[in-house]
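**Q** I'd like to ask you about the structure that follows.
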Amino acid sequence: MWHSARRRTQIPPADDGVSVGSAIAHDSAAGQIRGSAQYIDDMPEAANLVHVAPGYATGAAKGRITRLDLDAVRAAPGVVAVLTSTDIPGKNDCSPSFGGDPIFADGRVEFHGQVVFAVAARTREQARKAARLAKIDVEAETPAVTVEDGLASGETVLPDYQFLRGDPARAKDGAANVVSGSLRVGGQEHFYLEGQVAMALPGEGGEIHVYSSTQHPSEVQHLVANMLGKPEAEIVCECRRMGGGFGGKESQASQWGCIAALAASVTGRAAKLRLDRDDDMIMTGKRHDVRVDYTYAHDDKGRLAAVVVEFNMRCGYSADLSLGVCDRTMFHTDNAYYYPNVRIHSRRVKTDTVSNTAFRGFGGPQGMVFAERMMDEIAIRLGIDPLDVRKRNFYGRGRDVTPFGMKVADNIAPRLIRELEKTSDYRQRRKAVKAFNRQNRFLKKGLALTPVKFGIAFTLKHLNQAGALVHVYTDGSVQVNHGGTEMGQGLHTKVAQVVAEEFGIDFDRVKITATTTDKVPNTTPTAASSGSDLNGMAAKRAAEIIRNRMAEVAARLHQATTSDVGFAGNMVRVGEREIPFAELARTCFLERVSLSSTGYFATPKITWDRETTSGQPFLYFAYGAACSEVTIDTLTGEMRVDRVDVLHDVGKSLNPAIDIGQIEGGFVQGMGWLTTEDLVYDASGRLATHAPSTYKIPTASDVPEDFRVTLWDSKGNREPTIYRSKAVGEPPIMLAISVFSAITDAVASLRPGRVPKLDAPATPEAIARAVRSMREA
């Protein structure tokens, strides 16, 4: 098995001559360490480039604009242009889905921080200073800020939706134990290291080239074209790499690309917009926070009979990507557990705040937090080990259909859990935790082992497609372009490994180029953990086409058949002869054989029909489990994660070093969401936690010192994915739910049989409140 422990990495180096499955370094790693990896703000600037800054109403969060005086802005030093909705020749819209997301507010503001205008100036400082000179009056209306405010108003951004199986009401009536409760799960700021940024260059004939830090270049292209009233063929969007995305640049990068492009179009000069961190946090959406109201029934051994749950998701002022996010919360409400009778209901609550959006896990983590809280509650009330309650509710034979009707055909969760239970020494540590808690009055330990079952595919069927373009040059080097974007997750490295493997050449002979809409058109977002599945397969197919052409040339010239031709070790074997790959490439050129090809892939078996709640929404499930041990201080609420053991299923790993990095990073990000990252809005709808000074993401000191990650020894994905691998981008974030469950376990030790009143994030303040609740009568 591949495994690592913090400060004592145990990942073998890449094997000579082998690409796929080797621990090859990220293609940008050296450049990032040296500071030479280029991001948009590092790119050379045109001599007459203008810097763009957005402006917004600093007063009321919601209401009709009664005054918009920009005279002082226009007169400010260095200002070249001031842009409003009246300057847009086409559609004033940057929505990814249902509309309702204007580029510039027009007549009304719907949330605090909504962009009303933008300033283009000679320097960034001049643009930002000028933006503050605007005089904007708003006829204030009382905003709906919280979930409760939104529920009281009765407004939603989308219709309610539900899954129903069996008769939950009847099942509850006949159950030995029926429990009702409520849980709040907070949102999360993306806090990508590179903020939102775009640079637009005007070309001849009105063409615009937009460099955007985006997960979805084709969407930026589409929205810029619509805004300018131009055909999409006149707009190019390019992204070499992002300094993090996490879903925050799937839809919400488009607005900044549009504003930069509009500035370039109006001024005829290159234009760059880079948001200040405070503005970035105020103006862009977060992970959806949710109030979960639930009732469940179970027997005296903890086995569920019925589950009824309602997710009141705070979506913000518009739909954005809430349809898919809220649906995926429902898809993962079961996690790894079978619910015999179930009703899962989702309300997409409208509030007068920035629209919440995609975030790593895309709604799935919120559903899983509920599932694991339910398991913990049952265990606490019955006095049973939480792991045993989880095991009794796992999917299994005759209990293998999800609430949305998909059969769980690849269920390795029970085996994976058994192995982690053994390797983490769970049972002995459970005894040690109990002994520690008996001996310590103020410090209490908690331990939890929780599973993850995460569906892989876009649930919107048409997004499950990808394209690639591969060129072989006459010196034997290879260039690859594909529709996926690189945000640090190693997608470009994995795709290059795939192409190197297909041609039997060294990894360093393959060059990945920037994702750009003029090479691979009509791309889908790099999201849903499907980047390697889709783009890797598209690149593989393109490489196969070229390789087959080369094999035909080699066979014809050497009186052999194509079955006699093999590619490995930078050589091409034809029977008993070996030809350097580069030599055959030159020969193909001389023989007038094309060494360029596109490749295309569409995920099979995706048949989900949302209207009838039937079909298959996922190609497969990725599995994992984590065992976390924590210590809390009952006097202060402070918490420390003492040890984490992770066992995660990635199928046949394309690159174990990158996969382990994704698991470690995802875990820590999830841990931040559930323990330290607290988004606070005031009653007026203003975000109070809009900088690192008030919003705490995990730091190096928060990473567990004893952090053990192992890849499940898999025989490969049962589905024919790229080299039988499995997706690894999103599932690891949900491994961190084990930390939240361990905190719950620690607090529960204060009063056995009583469930702590603990919401997420479990900040020190929240833990202290939960401790107090345990001591109340």
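**Q** Translational diffusion coefficient of the chain at 10 °C, 1.306 mPa s, Stokes-Einstein with Kirkwood Rh over Cα pairs, in µm²/s as a whole number.
**A** For the chosen part, D equals 58 µm²/s.
**Q** Please compute the alpha carbon radius of gyration of segment 556-647, then divide it by the globular-protein estimate 2.2 N^0.38 Å. Two decimals is fine.
**A** That ratio works out to 2.28.
**Q** Please give the peptides 720-726, 750-756 ranked by average Cβ packing (other Cβ atoms within 10 Å per residue), highest first, as a rough proxy for protection.
**A** Ranking, from highest mean packing down: 720-726, 750-756.
**Q** Mind listing which trypsin sites (Lys or Arg not before Pro) in segment 427-492 are in a DSSP loop and have 12 or fewer other Cβ atoms within 10 Å?
**A** Taking segment 427-492 and a limit of 12 other Cβ atoms within 10 Å, the loop trypsin sites (Lys or Arg not before Pro) found are Arg441.
**Q** Defining a contact as two alpha carbons under 8 Å apart and six or more residues distant in sequence, what relative contact order in percent does the chain show?
**A** Reported as a whole number, the value is 16 percent.
**Q** On alpha-carbon atoms, Rg over Rh for segment 465-602 using Kirkwood Rh?
**A** 1.00
**Q** Using each residue's phi in segment 30-41, evaluate 6.51 cos²θ - 1.76 cosθ + 1.60 at θ = phi - 60° and report the 3J(HN,Hα) Karplus result to the nearest Hz, with x for Gly and Pro.
**A** 4, x, 5, 5, 7, x, 9, 5, 8, 10, 4, 6
**Q** Another question, then. Over the C-alpha atoms of segment 595-697, what are the Rg and the largest Cα-to-Cα span, Dmax, in Å?
**A** According to the Cα coordinates of segment 595-697, Rg and Dmax are 21.0, 69 Å.
**Q** Report the extension gain between Ala30 and Val401 in nm, rounded to one decimal, defined as 0.36 nm multiplied by the number of residues separating them, less their alpha carbon distance.
**A** Additional length available on full extension: 128.9 nm.
**Q** Okay, next question. In nm, give the distance between the simple-model label positions of Glu765 and Asp167, each being 7 Å from the Cα along the Cα-to-Cβ direction.
**A** 4.8
**Q** A further question follows. What is the spin-label model distance, in nm, from Asp41 to Lys135 if the labels are put 7 Å beyond Cα along the C-beta direction?
**A** Computed distance between label sites Asp41 and Lys135 equals 3.3 nm.
**Q** Also: Whole number in Å², please: accessible area per residue of segment 465-602, 1.4 Å probe, ligands, DNA and RNA not counted.
**A** So segment 465-602 comes to 40 Å² accessible per residue, rounded to a whole number.
**Q** Show me the three semi-axes of the equivalent ellipsoid for segment 281-358, from the C-alpha gyration tensor (sqrt of 5 times each eigenvalue), largest first, rounded to whole Å.
**A** So the three semi-axes of segment 281-358 are 30, 11, 10 Å.
**Q** Excluding residues fewer than 8 places away in the same chain, name every one of the lysines whose C-alpha is closer than 19 Å to that of Lys757.
**A** Lys444, Lys445
**Q** Turning to a different aspect of this structure: Using a cut-off of 22 Å between alpha-carbon atoms, which lysines can reach Lys286, once sequence neighbours fewer than 8 places away in the same chain are excluded?
**A** Lys286 reaches Lys62, Lys249, Lys350, Lys696.
**Q** Arrange the peptides 599-610, 695-706 so that the one whose residues have, on average, the most other Cβ atoms within 10 Å appears first.
**A** 599-610, 695-706
**Q** If I stretch the segment between Thr689 and Leu193 completely, what's the gain in nm (0.36 nm per residue apart, minus their alpha carbon distance), one decimal?
**A** 176.9 nm
**Q** Taking 0.36 nm per intervening residue step and subtracting the Cα-Cα distance, what contour gain separates Asp702 from Arg643 on full extension?
**A** Stretched out fully, the Asp702 to Arg643 stretch lengthens by 20.1 nm.
**Q** Using 1/(1 + (r/R0)^6) with R0 = 56 angstrom and r between the beta carbons of Arg772 and Glu234, what's the FRET efficiency to the nearest 0.05?
**A** For Arg772 and Glu234, the calculated efficiency is 0.35.
**Q** Given a Förster distance of 51 angstrom, what is the FRET efficiency for Val680 paired with Asp508, based on the Cβ-Cβ distance and rounded to 0.05?
**A** Given R0 = 51 Å and the Cβ-Cβ separation, E is 0.60.
**Q** Please give the charge dipole size of the chain, origin at the Cα centre, charges +1 on K and R Cβ atoms and -1 on D and E Cβ atoms. Round to the nearest 20 debye.
**A** 2060
**Q** Okay, next question. Decide, for segment 111-248, between rounded, prolate and oblate: order the square roots of the alpha carbon gyration tensor eigenvalues as a ≥ b ≥ c, take rounded if a/c falls under 1.5, and otherwise choose prolate if a/b is larger than b/c, else oblate.
**A** prolate
**Q** Using the scaling law 2.2 N^0.38 Å as the reference, what is the normalised Cα Rg of segment 206-274?
**A** 1.01
**Q** Tally up the carbon and sulfur contribution to the accessible surface of the chain as a whole percent, 1.4 Å probe, everything protein left in place.
**A** Carbon and sulfur together cover 48 percent of it.
**Q** Where a Cα-Cα gap under 12 Å defines reach, which aspartates and glutamates qualify for Lys431, not counting those fewer than 8 residues away within the same chain?
**A** Within reach: Asp385.
**Q** If the viscosity is 1.306 mPa s and the temperature 10 °C, what translational diffusion coefficient in µm²/s does Stokes-Einstein give for segment 360-453 when Rh comes from Kirkwood over Cα pairs?
**A** 104
**Q** Now, a different point. Starting from the exponent 0.38 and prefactor 2.2 Å, build the expected Rg for segment 420-515 from its residue count and divide its actual Cα Rg by it.
**A** My calculation over the Cα atoms of segment 420-515 gives 1.94.
**Q** Oh, and also: Please compute the per residue accessible area over segment 288-344 with all protein chains in place, 1.4 Å probe, rounded to a whole number of Å².
**A** Ligands and nucleic acids excluded, the result is 19 Å² per residue.
The values are calculated or read from the model by the stated rules, or taken from the named source; none is laboratory data. All values reported here derive from a predicted model rather than from experimental measurement. Heads up, the Cβs are rebuilt from the backbone with ideal geometry, glycines too, and the neighbour counts pull from every protein chain shown. To get the accessible areas, we keep the full protein, side chains included, count just its heavy atoms, and leave off ligands, DNA and RNA. Shrake-Rupley method; radii C 1.70, N 1.55, O 1.52, S 1.80 Å.
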